[in-house]
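Okay, structure first, notes after.
The values are calculated or read from the model by the stated rules, or taken from the named source; none is laboratory data. For clarity, every value in this text was computed on a predicted model and none was experimentally measured. Positions of Cβ are backbone-derived with ideal geometry, glycine not excepted, and every protein chain shown enters the neighbour counts. We work out accessible area using only protein heavy atoms, side chains counted, and drop any ligands, DNA or RNA first. Shrake-Rupley method; radii C 1.70, N 1.55, O 1.52, S 1.80 Å.
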Amino acid sequence: MKRETEARNSINCSRPSSAAPMPSAEPRHNMGSLAMDFPLQILLAVEKQGAVSSYEFARALNEPHQKIVGAIKSLESLGEVVAVKQTTQKTWECTEEGSSLATNGSHEARLFNSLTSEGCPIADIKANFPNANIALGAAMKNKWVKKEGEKIVPVVSSINDEVQIHLQAIMSGSAENVPDKIKVDYKKRKLIKEVDLTVFEVTKGSEFTTSVSKQEAELTKEMIESGQWKSKSFKPFNFKAKGRLEQRSGHLHPLMQLRSEFRQIFLEMGFTEMPTNNFVESAFWNFDALFQPQQHPARDAHDTFYVAEPEKTISVPEDYLQRVKKTHSTGGYGSLGYQYEWSRDEAHKNLLRTHTTAVSARMLYKLAQEGFRPVKFFSIDRVFRNETLDATHLAEFHQIEGVVADYNLSVKHLMGVIKGFFEKIGITKLRFKPAYNPYTEPSMEIFSYHEGLKKWVEVGNSGMFRPEMLRPMGVPENVTVAAWGLSLERPAMIMYGINNIRELVGSRVKMELILDNPVCTIDKFKGQSQKAADGAPTVESLTKRQELILDRLSALQSKVASIAAKMGVTLVESAASINTQLTGGVKAGVVHDVVIYADPRRPPYSLRILANALSSNFSVCLRVHCHSSVKEVSEKLQQFWGSSGATERSQSQICLTLVWRQDGDTPTALMPSLSVSPLAPNQIRGEHNVGRYLARLAEVGAPTCRLYECLSNPIFTVQVDELLDQCHGKLTLGNNKEKAGFIRELNSRLGDREFLVNSDLTLADAVILSTLLQLRMLESAPSNVQKWSKGCLVLPYCKNLI
Ligand code: PHE
């Protein structure tokens, strides 16, 4: 029945006149300037009337109640200016249907308005008009329409839609203008409902005033200097403010991150860092000391940046200079030298060092002066070359250099130490190719097999320093020195997948690269033995495995994200929170801190089971905190860890801190999360993943603890993993159908078995049991699941779980 509404439609639907008068204290003329200053308006009203109710006030101003409540709270924070009392008051609110009728008119009015004077067949109305029966009944009862044969025809020319007026009055907070009988009727018709409203009554406080000065939020230097601070009033600290959930911390540039990793490797190998803080060097130390002839092309201004001011170095040790001069021009130490006229002038020229080997030369000279002792030195710092810039070359870059000086070292040692070094960074396939350097003999370029490129690529340069370099320094005759060097930028570009050096260094670098780049960790433990003496995996090897898995996960994540982006799909639960920086494990003398956040509505019981497992092998400190986002936590949750493991933090190896926090109602927010470092904002999310972390930790210390990765057969670990992922996907995140399906499968998998995997409690039992407890699904679970859960709950690790 889609007919034009007739023009006679004269429904009276003007908005009800403002129900309550303005509070008398409300100086109308002030409204212009004070319109937004609710706190002041409230104070003026209190002054005049003695008391102001938030509810009445909001209605009088026709403003949302919440806004007025906010203003009252800000007055309350001023101290004793006002006194505030809180009461609850019943009010009426429109239901969804009620609000729709308030806006569009009652069904009967809409029916009436749609009729022409000829009327409309009842059958048509019933077939096409929504809520036709209600509309017809009410319109007839109101005597707006009548039945004429098979038709409904209007009997009045205009109507007054009282239902709409009443509902509008209720919506605008003037329920008292609607007679009680009618309200009861509307409530029955589910158009309105009764609600509790917290109302604030404001009266004068002991320091009442209507001229409140703006409170200062900060104490400034100027206030202290001028003495103004004495008369100012300050905002009190809000200790209840919700802290920022994620903190941004400082970020190292990827190159510097990698530099610290290399530094760590050298330190682990017992090397000492050389002081490299002099970018300006003399040609003497950069070239001459290294037996590099003064005509060598590398010394050309096209390859080296010379310094104009100061052009020359002030001093070079004279006796050493004389020995260098002699070696270059006439030879010595069994060498013929280069047989040319050596120029002091050339050697005194200042330049930007072209390699860190200049520093190695200074250090070896110093060592010889002090009396030689075997040393292992390294440096990682910047060098400069006047090169043509391209995608892979800049005029400055970083060199990594290692120097080993000892009695009777040979090429064998050089190759050995280089192999050890590269193994530490995960490069095992090495080849050496004869090369030439003026200062080393023999010299070798180092090549490594690149699995990705499927070819051998040059990774560094090396050699044994020549006697022509060492002897003039005063290094004893039977001492030999092995050294090698490589650039820092090259591995950085490979690790971060950058093809153009300008994306890594210089003004075109994007800030996001620095803020968001993953920590590319060098594969330090590759090639090292994975097992401790008793056959149990070592902390390192477990951490290593975890890192590898996390790396793979993050690679997968970025793939998923890019596919999703291409398809325009938004990913709800981005697992981008996986931390790629989880290293450490349990070390002697260090408290291993683990912070777990959990929502009190979903207590992660499995973690208590794992804490028990940890406690039987480590001294564990267990703590519970409550974040300000959580108002109250039951006694039971405050004692979440139970009474065991009351070790002091300082005396413990592991400290588990549980923070009850409410971060929203999304599935992700309800999940527990774990962080191992306050500096790593990324966390491990989900009970299954947190469980994996703690289970690994528990297994590290205990050959008997076989919950997850130390199970007697690796197949079991795979099964546990599968169950954990299914539990997460179907039980934690799934809809009701998926949840029910999971429980059915669980029941049939269990059959008569005592445990889910193998013949003992595993992480799978712990996490699934915990999830069922949280969701209160155990009571209604089928019999095998019930039997299994009862069996688990009496085990030592699970005692007094709930
Ligand atoms: N200084 C060399 C370079 O700049 C590297 C190197 C260091 C070679 C030490 C041998 C020994 O490439």
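Summary of computed values
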| read-out | value |
| --- | --- |
| Filtered residues of the range 427-478 (kept if under 19 Å from Leu409 (Cβ atoms), within 12 Å of the ligand (Cβ to nearest atom), open to solvent by 40 Å² or more (accessible area, probe 1.4 Å) and touching a Gly at 6+ places or on another chain (Cβ under 9 Å)) | Glu441, Pro442, Asn461 |
| The one condition in (1) part of a loop (DSSP other than H, G, I, E, B); (2) in contact with a strand residue (DSSP E or B) (Cβ under 6 Å, 6 or more places away or on another chain) that Val475 fails to fulfil | (2) |
| Test set (1) assigned to a helix (DSSP H, G or I); (2) of a type in the set (Gly, Ala, Ser); (3) without any contact (Cβ under 8 Å) to a residue 12 or more places away in the chain - Ser780 fails condition number | (1) |
| Near pairs, Cβ below 6 angstrom, 6+ apart or cross-chain, from the range 689-718 (farther than 17 Å from Asp765 by Cβ and touching a residue at least 12 places away in the same chain (Cβ under 8 Å)) to any residue that is among the β-branched types (Val, Ile, Thr) and buried (at least 20 other Cβ atoms within 10 Å of the Cβ) | Tyr693/Ile684 |
| Test for Ser206: is it under 30 Å from Lys48 (Cβ atoms), over 43 Å from the mean Cα position of the chain (by Cα) and either at pLDDT 85 or above or among the aliphatic types (A, V, I, L, M) (or both) | yes |
| Qualifying residues in the range 783-802 (those that are outside any loop (DSSP other than H, G, I, E, B) and aliphatic (A, V, I, L, M)) - the one most open to solvent (accessible area, probe 1.4 Å) | Leu793 |
| Extreme residue, farthest from the ligand (Cβ to nearest atom), among residues of the range 479-499 that are touching a strand residue (DSSP E or B) at 6+ places or on another chain (Cβ under 9 Å) and open to solvent by 40 Å² or more (accessible area, probe 1.4 Å) | Ile494 |
| Qualifying residues in the range 697-710 (those that are at pLDDT 85 or above and open to solvent by less than 40 Å² (accessible area, probe 1.4 Å)) - the one nearest to the chain's Cα centre (by Cα) | Tyr708 |
| Lone qualifier among Val153, Val184, Val163 - being over 27 Å from Asp37 (Cα atoms) and either open to solvent by 90 Å² or more (accessible area, probe 1.4 Å) or in a strand (DSSP E or B) (or both) | Val153 |
| Residue within the range 347-363 that is open to solvent by 80 Å² or more (accessible area, probe 1.4 Å) and more than 16 Å from the ligand (Cβ to nearest atom) present | no |
| Inter-residue pairs, beta-carbon under 9 Å, first closer than 21 Å to Phe287 by Cβ and of a type in the set (Asp, Glu) and in the range 427-446, second near the ligand (Cβ under 9 Å from one of its atoms) and in a strand (DSSP E or B), 6+ apart | Glu441/Gly463; Glu441/Met464; Glu441/Phe465; Glu445/Ala435; Glu445/Gly460; Glu445/Asn461; Glu445/Ser462 |
| Candidates Glu176, Glu148 - the one that is in contact with a Gly (Cβ under 8 Å, 6 or more places away or on another chain), open to solvent by 30 Å² or more (accessible area, probe 1.4 Å) and at pLDDT below 90 | Glu148 |
| Residue list for the range 232-246, restricted to those being open to solvent by less than 100 Å² (accessible area, probe 1.4 Å) and of a type outside the set (D, E, K, R) | Ser233, Phe234, Pro236, Ala241, Gly243, Leu245 |
| Test for Asn689: is it among the polar types (S, T, N, Q), modelled with pLDDT of 80 or more and open to solvent by 10 Å² or more (accessible area, probe 1.4 Å) | yes |
| Residue match in the range 374-389 (condition: touching a residue at least 40 places away in the same chain (Cβ under 8 Å), open to solvent by less than 70 Å² (accessible area, probe 1.4 Å), aliphatic (A, V, I, L, M) and farther than 25 Å from Gln264 by Cα) | no |
| Of the criteria (1) open to solvent by less than 50 Å² (accessible area, probe 1.4 Å); (2) under 52 Å from the mean Cα position of the chain (by Cα); (3) farther than 30 Å from Phe200 by Cβ, which one Cys120 fails | (2) |
| Enumeration of residues in the range 376-395 that are in a strand (DSSP E or B), away from the ligand (no atom under 15 Å from the Cβ) and either β-branched (Val, Ile, Thr) or touching a strand residue (DSSP E or B) at 6+ places or on another chain (Cβ under 8 Å) (or both) | none |
| From Met493, Met469, residue being out of contact with any Ser or Thr (no Cβ under 6 Å at 6 or more places or on another chain), outside any loop (DSSP other than H, G, I, E, B) and modelled with pLDDT of 95 or more | Met469 |
| Considering residues of the range 396-426 that are closer than 20 Å to Ala298 by Cβ and open to solvent by 30 Å² or more (accessible area, probe 1.4 Å) only, the residue nearest to the ligand (Cβ to nearest atom) | Phe397 |
| Per-region count, the range 402-429, residues touching a helix residue (DSSP H, G or I) at 6+ places or on another chain (Cβ under 6 Å) and outside any helix (DSSP H, G or I) | 2 |
| Any pair with Cβ under 6 angstrom, 6 or more apart, that starts in the range 164-190 at a residue that is without any contact (Cβ under 8 Å) to a residue 60 or more places away in the chain and ends at one that is surrounded by 18 or more Cβ atoms within 10 Å (Cβ to Cβ) and assigned to a loop (DSSP other than H, G, I, E, B) | His166/Val178 |
| Matching residues in the range 11-65 - criterion: being among the hydroxyl-bearing types (Ser, Thr, Tyr), open to solvent by less than 40 Å² (accessible area, probe 1.4 Å) and modelled with pLDDT under 90 | Tyr55 |
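The rows are residues; the columns are (1) within 34 Å of the chain's Cα centre (by Cα); (2) at pLDDT below 95.
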residue	(1), (2)
His728	yes, yes
Asn735	yes, yes
Glu745	no, yes
Arg749	no, yes
Glu754	no, yes
Ser759	no, yes
Leu769	yes, no
Cys792	no, yes
